[in-house]
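In what follows, a single structure is set out as C-alpha cells and then discussed.
The values are calculated or read from the model by the stated rules, or taken from the named source; none is laboratory data. Only a predicted model underlies this, so the values are computations on that prediction, with no experimental measurement involved. Here the Cβ positions follow ideal geometry from the backbone for every residue, glycine too, while neighbour counts run over all protein chains shown.
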Amino acid sequence: MHSALNNFYYFGICHYCKSTSAELRRCSACKVVAYCSRDHQKLDWHNHRELCKVITFTLVNDEILTNSFEDWVSYRLTIQQKWISLLKRRLQPFECQMWMFPRVCNWCYTKLNLTDCPKCYNAAYCSNEHCISDQVIHKKYCNALKLCMNIDCYLTKFKSYPEVDTKLVISLPELPQDMNELLSRLYLCTEKNGESDIWKSLVSDALCPGSVISYAIQESSCNYTFNHKCVIHLVGAATAEATADWILTSELLLHTFNDINEVLFILIGPEALDMCENFDLCDCCKWKGKKVSLKVYKALYHDVVEMIEKPNMVVALNCGLHEFEERNCDEWYSSIPFMLLPETPFVFTSYTHEEMLKDIKYIKRIIPDVESHIVVSHNNPFASLRPIRDWCTKDIPIFYSNAFITIIKMTFSF
Ligand SMILES: [Zn+2]
Ligand SMILES: [Zn+2]
Ligand SMILES: [Zn+2]
Ligand SMILES: [Zn+2]
Ligand SMILES: [Zn+2]
C-alpha cells in the first residue's frame, strides 16, 4: 500500500484509504494510526504490525510531562532513536511523520482525552481551554495544514502533478510579478482536477525552480554573452530539481528572455537524480533554432567544476548552507569559492528569513565583505505555494520551499 506517492501519515485520516471521517477507530495497541472501518484496519494490519509493536513498546504509558516546546522536540528525537534501534533499519517517510506529528494536545502535549480540530484534523486538544489558548496561532495555519493533507491525498489519487499546457506559458508577454500572477494567468484557461488551492500549490512547486531562475536573471542583469547561450549550474541538486517541470522552465526562460538562444542546465550534487535530457520545445522556439539541454553530475561541485562548461549563473535551491556548519560535515565550504565567480550571479534560496540570515553569515566566513556584493536578499516573489509541515519550529508549523532569495554578484575575483 505504501507506494512512493502514498508514503505519508496524518493522525486525523484513515491510514489505509486516507479518507477523512468523523468516526475514525484508532489502533487499540499503539493509538497512532486510525481507520475509517474495521475492513481497512484488517487490510492494513500486515503493513502496520511490525511498527505497531515498536510504537507500543516505546509510547504506551509514556505520558509526556512537559509543556515546553524544547522538551517536546527532544522527546520526539528520543522516540525516533528508539524506533530506529528497535527496527534496525532507517525509517520510511510516513514513519518519520509518525514521530514528528503524533496526536497530542497542540497546547500541552498530553495524549489523553483529545478532540481533533474539526476543520483540518491536524491539531488536537485535551480541553476547550487549551483549544482557545492555541487559537491565535492555529487559526493562521489551520487552512495550510489542511491543504498539506489534501495535496498528499490528491497525489495518491491522481498519481501525478496536474499538467500545465506549455502553450499557456509561451503566451506570457513577460515574466509576471510573482507566483500568484503567474498562476492566475495559467489557471484561468486550464482544466482543473478538483480544488484550485491544490492545483496552485502543485503547479507552483513544478514552476518554482524555473521562475526563480528567470527572476534571478531579470534582477541580476545576468550576462549570457557567448552565442546568446546561458549556462546554469544547479548546485546541490536533489528531489526538488527532479520534480521540477523542465520543459515549462525552459519555455518560461526562452520566452521571457527573447535574446537567449540556448540554455544548458547542469545539475550537480551527490543526491542529483538522473533525468531525461531531451526537450521538445514549442514550434516557435524550434523555428528560431533555440535549444535546451540538461546534464546531471552525481558529484560534489568542487570535484567536477573544472571539467564542465563555465556558468553564467550558479543556483542553489533550499541549500541550507548554515545547517552544514552546524552538523560539521561541511561539503559546501570547499565548493563556495568556485560558485562565486566575477560577474556571475550566485543565487540561493532559503526556507525562512532566519535561515537566510544564517546562510549569508555562513558565506561571510569565506568572503568577509559579502554584504557589499548582495544584489537581492528578501522574500522570494516566486516561492512555492505548497505548504510543508514543520515539526521543530515553535509556533510555525508550516514552511514553503524557496521562500527567500539571495543573489550575490562579485565584480572581481577574490
Ligand atoms: Zn479507510
Ligand atoms: Zn497500532
Ligand atoms: Zn492540552
Ligand atoms: Zn485546524
Ligand atoms: Zn518556446
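A count restricted to segment 79-100 and to residues that are surrounded by 19 or more Cβ atoms within 10 Å (Cβ to Cβ) and within 22 Å of the chain's Cα centre (by Cα) stands at 4.
Just one of (1) farther than 22 Å from residue 217 by Cα; (2) assigned to a helix (DSSP H, G or I) fails for residue 394. It is (2).
Could you look through segment 155-176, keep only residues that are touching an Asp or Glu at 6+ places or on another chain (Cβ under 8 Å) and assigned to a helix (DSSP H, G or I), and pick out the one that is nearest to ligand 5 (Cβ to nearest atom)? Only one residue tops the list, namely 170. The residues listed here are 355, 306; of these, the one that is crowded, with 16+ Cβ neighbours inside 10 Å and either not in a helix (DSSP H, G or I) or not assigned by TED's automatic domain parsing to the domain that holds residue 153 (or both) is 355.
In segment 255-284, which residue that is touching a residue at least 60 places away in the same chain (Cβ under 8 Å) and within 16 Å of residue 228 (Cα to Cα) is farthest from ligand 4 (Cβ to nearest atom)? Per the criteria, the residue is 255. Scanning segment 55-78 for residues being modelled with pLDDT of 90 or more, crowded, with 18+ Cβ neighbours inside 10 Å and either over 22 Å from residue 12 (Cα atoms) or aliphatic (A, V, I, L, M) (or both) gives a total of 1.
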